[in-house]
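S.K.: Following this message is one structure expressed as structure tokens.
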Amino acid sequence: MAKTILLVDDSVTMLMSVKNNLEINGFKVETAEDGLKAMEKLNAGLKPDLIITDINMPKMGGIELIKKARALPGFRFMPILTLTTEAAQGKRDEGKAAGATGWLVKPVSGADLLKIIKQVLPGA
Amino acid sequence: MAIEYKKNLAVFSDFVGVEEAEALLEWFLKNPKGKINLSDCVHIHASSLQVLMAIKPIISVESKDEDLKLWLNTVLE
Amino acid sequence: MNNLLEQFLSEGRDFLQGIAEKLMQLENNPNSTPLMTELFRFVHTLKGNSGLFDFPEMTRVLHASEDLMDAVRNGRVNYSQELADQLLEAMDFVGILMDEIEVTEKIGTKHAIPAAELAKALRALLGNPESETAVIEDISPKNNAVISWADLPSLKLPESIAEKLYRYAIDGDAVFWLEYKPESDSFFKGEDPFFLMRQVRDTLWRKVVFNNVAQTLEEMDAYSCQLAFQLLTIAPEEELDDLLRYVPDETKRIEIPALAFVKPQGNEDDHPIDVEFINNALILLDVGDFDALTHAINTMLELSASELWSSSALRWVLRLIESEPDNKIAQQALLESLQTLIAPDWSEIAQTIPSTNTTTNSSTSVNSQVPDDSLLLGFHEVMNTQREILSLSPHLSGAWSEGRLKAVAATLLGCYRAVNHDYESETDAALQLALAENSPAPLLALLESSLADISKLSETPKLEQAELVAESAVQDANFGRRAEDVTAVAGRRSEDATAVTPNKTLKVDQEKVDRLMNLIGEMVVAKNALPYLANRAETVFGVRELAREIKSQYAVINRVAEEMQDTIMQVRMMPVSFIFQRFPRMVRDISRKLGKEVELVLEGESTEADKNIVEALSDPLIHIVRNSLDHGLESPEIRRTAGKNAMGKLLIRASQESDRVLIEIIDDGKGIDPDVIKNKAYEKGLIDEATLERISDQDAVNLVFAAGFSTADVISDLSGRGVGMDVVRSAVEKVNGTVGIESVVGKGTRLYLSLPLSMAVTNVIIIESDGQIFGVPMDLVVETVRVKRSQIRTIKQKQTTVLRGRIVPLLSLNDLLARNVEPLTNEDDEFATLIVRVHGEHVGILVDNFRETVDIILKPMTGILGGMSGYSGAALLGDGSVLIVLNPRELI
């Protein structure tokens, strides 16, 4: 049973790169270009097993997305990872405080990606 | 479903996720002597783990997963 | 060209375009935050994307640009024309690189130097050109310190697992103790702490603790994480760090040294191992004859039951001999532990510098000598009883039956035999005479004369024994329970003199005693409801008779409850020798290290106090003793020049003063120079110039307890001992103790701690303020007075009054609790004022009214309220209401 991951990033390049990596590893991937679009998908009934989101995005950023998603029914316990750069220690903490499970550091290699997802997603 | 409730027995299978804990607790409140079958269970989310620790039910069949069995043995004896 | 690269280039060009546009717009509108945020996001995303490929030159320039824009966005660097030019130049460079990538799919080496120069120029605008690498942070948890014995968890492992772990540690595999206590809301962050722990590899021992906060299962919240995980693993450090990187604050990792696993366990032996065997083993160890030692131990093990504590200890000795043949100190400590059945304290032994000829000072003769002494005590006791029986009614004719006389005679005979005196014929003669006369007189006469004889004979050995015991108490203080053991044995023997009784000591789990303690606490509170009830019976229902009966029943329950409470307190009592026992070794080791000669004298080790108090004493005492050795006592040369005995003296004395324990630490060192302290305190800004002039010598010495006084330079250049004394003070105050210091320069220092015997019951005065009642601990209250409004003066905007010639500052409790209400006065316009002692000063607290004082069981606040230091806790009153107890020390 393939796990579904919702991937949110405003850069199409980044979406493409991470999506590729995830699909190679057998995940089903949905994408959104910002928090607003991600919320639209969630409201439309998408129920991923994991959300990976960038923080700095136009319209709705990752922190707001985490807070909004957590308030939806069925999302309070969902693992959520933020996608940040190595410089953004503050962002990582902010993400955790908003309810993120952990973070991924850009650029993320396929091996790292898989390792971390396995850690937060039992059965992956 | 990761937990199937029978008359006096809860059968756990695969990965018991976080959503199950509340229902599990309620089931135990209704069936205080309920037993559990862990045979095909590989993992129990921490929330359900603490429910089990609070109830300390009888395990009718232990898990086939050796590691899970080790952990549960230290917890539920 | 692959899709991803194509996408990168096309999106990248859009970003470059966007960056150029935003920069232009900023020229006209340099303070626009939205523009700035957008610009940063473009640069940030572009840099992130470039990292997906191997284009270090591009990433380098973009990274520097991102940092610069971040600084501008946060206002650390001002936007300027020059900055915009520099950024545009950088983006142009990135554009050139993109063109090249489009053709060749790589970046030529010729761009390396311009890239470095551009990055440098951008960073120059940041003001720190060298910081390129500084932004890469270490994400591994930093709170995992190196080994410290004090931090080690106390492990209760099965011996087989302990052995395994010990061998791993000896073989150089780091064994880590991992403790993980997830936040209670961790499930709502998508975490599964159990799953995380299961991913730790090579776990050799594990434990989960569930701390259910709910009273009943119905109230349990399955989604509030109340778990704590503990495990021991030999997984590599980096792997653990990596796994736990999201929860560094909730985890603790300690590397456990091999010796920590060496912990004998098992049943306490009924018959301790023969002292002879231990001495023999120690000698064999000393001469290094491991073969003989191993043989002797194996033989002993065959003879003993394997589940005994001593057998476990012996097995450990064998393992140490096998794995660490050179660690004689550890082997010796284990062998010595066989005498006390207390596992060696490795933290102290680990500090010891190995020395080859450490001799043991076990005194074999003690056990055989002491029982005689206590036997005599028992003998006297029985004799006294017989005397009482005989003196009951000397001439009541007929009352003295034959049987009673015979019984007394038989008892006397038994007693004489027990103390090895042959009075058989005398007793027989006296009995015959008594029977003939039908009078107890002959037996009484025999009793008195024999008593005189026997005590004369036993006087000499008694003296010797006393010396012996005293000596061994000093020498063997580090052997823990020695003194108690001896009395225990002695006590049992004296009982044997009259009847054979089994050992009546019972081992009880501390939790049970604590539970009992809580229950009796509730009982005390519950019984306090009875006077209320009596009062109601009289005033509300008008049944005076019933009220009186309730009161008399209350008196009975009250007495029983108080006695119960007393008894339970006594169960919790523990001699201070528990902490004193470590000092001989500590003093020896430290003084040797410092090259000082110190004689340690311990007094009053049998003084008892509540377990919690004794345990709370431990750290402060160690601190103080270390300070005395470090800074108080001088080196032998200095002492000689000062005309003192080369050997310094350190006295640690415990004594009981009414309901408090007094601990004194007295040294005859160089004392504390008040002038040095004054100046130091002034330099540190703890006192102002005016105080510097006026302060008395004693007050100056007391400054060592001031927070912030102790710093590293104090240690190095000052005779004083301000090292962490504020820590000592606060530790002692936490258990309602006080600490004081007296010092004479050149003569020495006396530090004293005064602590309550028990901490179960607190006496508080109830006060009213703004319609509420509060408790204030009586030990802080000096007096209660009523202050007339006219007697209140305002000095420097502070209200004060003069009380017995002393200026006392006044504070309103309402103000302290941030309630904007004036305190009430009585008809005579007087304020109810509670004078409390806080940090040695008297302060008046204005309240509305005083009420009675009550004994309460103070429960500390928990949860969010636990963080409010202005309150020391809450208690239930007899009428069921809750009393909040204030903590004036923190409140003021």
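S.K.: Tally up the residues in the range C:232-254 that are crowded, with 17+ Cβ neighbours inside 10 Å and either away from chain B (no Cβ under 14 Å) or assigned to a loop (DSSP other than H, G, I, E, B) (or both), please.
M.R.: Within the range C:232-254, residues that are crowded, with 17+ Cβ neighbours inside 10 Å and either away from chain B (no Cβ under 14 Å) or assigned to a loop (DSSP other than H, G, I, E, B) (or both) number 13.
S.K.: Considering only the range A:71-123, state which residues are assigned to a loop (DSSP other than H, G, I, E, B) and basic (Lys, Arg).
M.R.: Across the range A:71-123, the qualifying residue is only A:Arg76.
S.K.: Can you tell me which residue in the range C:848-864 is modelled with the highest pLDDT, limited to those that are surrounded by 14 or more Cβ atoms within 10 Å (Cβ to Cβ) and not in a strand (DSSP E or B)?
M.R.: Only one residue fits best here, namely C:Asp848.
S.K.: Which helices (runs of 4 or more DSSP H) sit wholly inside the range C:441-546 and have at least 2 residues that are over 30 Å from C:Leu650 (Cβ atoms), out of contact with any helix residue (DSSP H, G or I) (no Cβ under 6 Å at 6 or more places or on another chain) and at pLDDT below 50?
M.R.: It comes to C:441-475, C:482-498.
S.K.: So which residues in the range A:4-33 are more than 11 Å from every other protein chain (Cβ to nearest Cβ), out of contact with any strand residue (DSSP E or B) (no Cβ under 7 Å at 6 or more places or on another chain) and either assigned to a strand (DSSP E or B) or not aliphatic (A, V, I, L, M) (or both)?
M.R.: Passing the criteria: A:Asn25, A:Gly26, A:Glu33.
S.K.: Being of a type in the set (A, V, I, L, M) and at pLDDT 85 or above: is that true of C:Val761 here?
M.R.: no
S.K.: Looking only at the range A:92-111, filter to residues that are over 14 Å from the mean Cα position of the chain (by Cα) and either of a type in the set (Ser, Thr, Tyr) or more than 10 Å from every other protein chain (Cβ to nearest Cβ) (or both); which one of those is nearest to A:Ile55 (Cα to Cα)?
M.R.: So, considering only residues that are over 14 Å from the mean Cα position of the chain (by Cα) and either of a type in the set (Ser, Thr, Tyr) or more than 10 Å from every other protein chain (Cβ to nearest Cβ) (or both), the one nearest to A:Ile55 (Cα to Cα) is A:Glu94.
S.K.: Out of the range A:80-109, which residues are of a type in the set (Gly, Ala, Ser) and either under 23 Å from C:Leu62 (Cβ atoms) or buried (at least 18 other Cβ atoms within 10 Å of the Cβ) (or both)?
M.R.: Answer for the range A:80-109, where residues must be of a type in the set (Gly, Ala, Ser) and either under 23 Å from C:Leu62 (Cβ atoms) or buried (at least 18 other Cβ atoms within 10 Å of the Cβ) (or both): A:Ala87, A:Ala88, A:Gly90, A:Gly95, A:Ala98, A:Gly99, A:Ala100, A:Gly102, A:Ser109.
S.K.: Is it true that B:Trp71 is over 20 Å from A:Phe75 (Cα atoms), over 10 Å from the mean Cα position of the chain (by Cα), more than 10 Å from chain C (Cβ to nearest Cβ) and without any contact (Cβ under 8 Å) to a residue 60 or more places away in the chain?
M.R.: The answer is no for B:Trp71.
S.K.: Here's something else I'd like to know. How about the range C:205-223: which of its residues are over 19 Å from B:His43 (Cα atoms) and either surrounded by 17 or more Cβ atoms within 10 Å (Cβ to Cβ) or more than 14 Å from chain A (Cβ to nearest Cβ) (or both)?
M.R.: Within the range C:205-223, C:Asn211, C:Asn212, C:Val213, C:Ala214, C:Gln215, C:Thr216, C:Leu217, C:Glu218, C:Glu219, C:Met220 meet the criteria.
S.K.: Can you name every one of the strands (runs of 3 or more DSSP E) wholly within the range C:779-838 that holds 1 or more residues which are within 22 Å of C:Asn763 (Cα to Cα) and out of contact with any helix residue (DSSP H, G or I) (no Cβ under 9 Å at 6 or more places or on another chain)?
M.R.: Because the criterion is at least 1 residues that are within 22 Å of C:Asn763 (Cα to Cα) and out of contact with any helix residue (DSSP H, G or I) (no Cβ under 9 Å at 6 or more places or on another chain), the strands (runs of 3 or more DSSP E) in the range C:779-838 that meet it are C:781-788, C:830-838.
S.K.: Right, next: Just to be sure before I move on: is B:Ala46 among the hydrophobic types (A, V, I, L, M, F, W, C), in contact with a His (Cβ under 8 Å, 6 or more places away or on another chain) and buried (at least 19 other Cβ atoms within 10 Å of the Cβ) in the structure I sent?
M.R.: Answer is no for this residue.
S.K.: When both residues are 6+ apart or on different chains and their Cβ atoms are under 8 Å apart, which pairs have a first residue that lies in the range C:37-51 and is within 9 Å of chain A (Cβ to nearest Cβ) and among the hydrophobic types (A, V, I, L, M, F, W, C), and a second that is surrounded by fewer than 24 Cβ atoms within 10 Å (Cβ to Cβ) and outside any helix (DSSP H, G or I)?
M.R.: As it stands, the answer is C:Phe40/A:Asn56, since those pairs meet every condition given.
S.K.: Going by the structure shown, is C:Gln656 part of a strand (DSSP E or B) and not hydroxyl-bearing (Ser, Thr, Tyr)?
M.R.: Against the criterion (part of a strand (DSSP E or B) and not hydroxyl-bearing (Ser, Thr, Tyr)), C:Gln656 qualifies.
S.K.: May I ask you to verify whether C:Leu293 is under 30 Å from C:Val200 (Cα atoms) and part of a helix (DSSP H, G or I)?
M.R.: So C:Leu293 does not fit the description; no.
S.K.: Go through the range C:289-312 residue by residue and tally those that are touching a residue at least 40 places away in the same chain (Cβ under 8 Å) and surrounded by 15 or more Cβ atoms within 10 Å (Cβ to Cβ).
M.R.: 5
Conditions (1) without any contact (Cβ under 8 Å) to a residue 24 or more places away in the chain; (2) touching a Leu at 6+ places or on another chain (Cβ under 8 Å); (3) in a strand (DSSP E or B); (4) farther than 17 Å from C:Asp242 by Cα, marked per residue:
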site	(1), (2), (3), (4)
C:Ala169	no, no, no, yes
C:Val209	yes, yes, yes, yes
C:Leu217	yes, yes, no, yes
C:Ala222	yes, yes, no, yes
C:Cys225	no, no, no, yes
C:Gln230	no, yes, yes, yes
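S.K.: Right, something else. If we scan the range C:180-195, do we find a residue that is within 11 Å of another protein chain (Cβ to nearest Cβ), within 17 Å of B:Thr74 (Cβ to Cβ), modelled with pLDDT under 90 and surrounded by fewer than 20 Cβ atoms within 10 Å (Cβ to Cβ)?
M.R.: No - not one qualifying residue is present in the range C:180-195.
S.K.: With C:Leu97, C:Leu68, C:Leu87, C:Leu118 as the choices, which residue is within 13 Å of another protein chain (Cβ to nearest Cβ), buried (at least 18 other Cβ atoms within 10 Å of the Cβ) and at pLDDT 85 or above?
M.R.: Step by step, each of C:Leu97, C:Leu68, C:Leu87, C:Leu118 is checked, and only C:Leu68 is within 13 Å of another protein chain (Cβ to nearest Cβ), buried (at least 18 other Cβ atoms within 10 Å of the Cβ) and at pLDDT 85 or above.
S.K.: Tell me which residues, restricted to the range A:36-68, are among the small types (Gly, Ala, Ser), closer than 23 Å to A:Ser17 by Cβ and either within 13 Å of chain C (Cβ to nearest Cβ) or surrounded by fewer than 16 Cβ atoms within 10 Å (Cβ to Cβ) (or both).
M.R.: A:Gly61, A:Gly62
S.K.: Kindly indicate whether any position in the range C:536-544 is surrounded by fewer than 17 Cβ atoms within 10 Å (Cβ to Cβ) and among the acidic types (Asp, Glu).
M.R.: Checked the range C:536-544: no residue is surrounded by fewer than 17 Cβ atoms within 10 Å (Cβ to Cβ) and among the acidic types (Asp, Glu).
S.K.: How many residues are within 17 Å of C:Val701 (Cα to Cα) and either assigned to a strand (DSSP E or B) or in contact (Cβ under 8 Å) with a residue 60 or more places away in the chain (or both) when one looks only at the range C:727-763?
M.R.: 18
S.K.: C:Ser10 passes all but one of (1) farther than 19 Å from A:Lys91 by Cα; (2) at pLDDT below 85; (3) polar (S, T, N, Q); which number fails?
M.R.: (2)
S.K.: Out of C:Leu165, C:Leu155, report the one residue that is surrounded by 20 or more Cβ atoms within 10 Å (Cβ to Cβ) and not assigned by TED's automatic domain parsing to the domain that holds C:Ile321.
M.R.: C:Leu165
The values are calculated or read from the model by the stated rules, or taken from the named source; none is laboratory data. Please read these numbers as outputs of a predicted model, since none were measured by experiment. Glycine also receives a Cβ, built like all others from the backbone with ideal geometry; neighbour counts cover every protein chain displayed.
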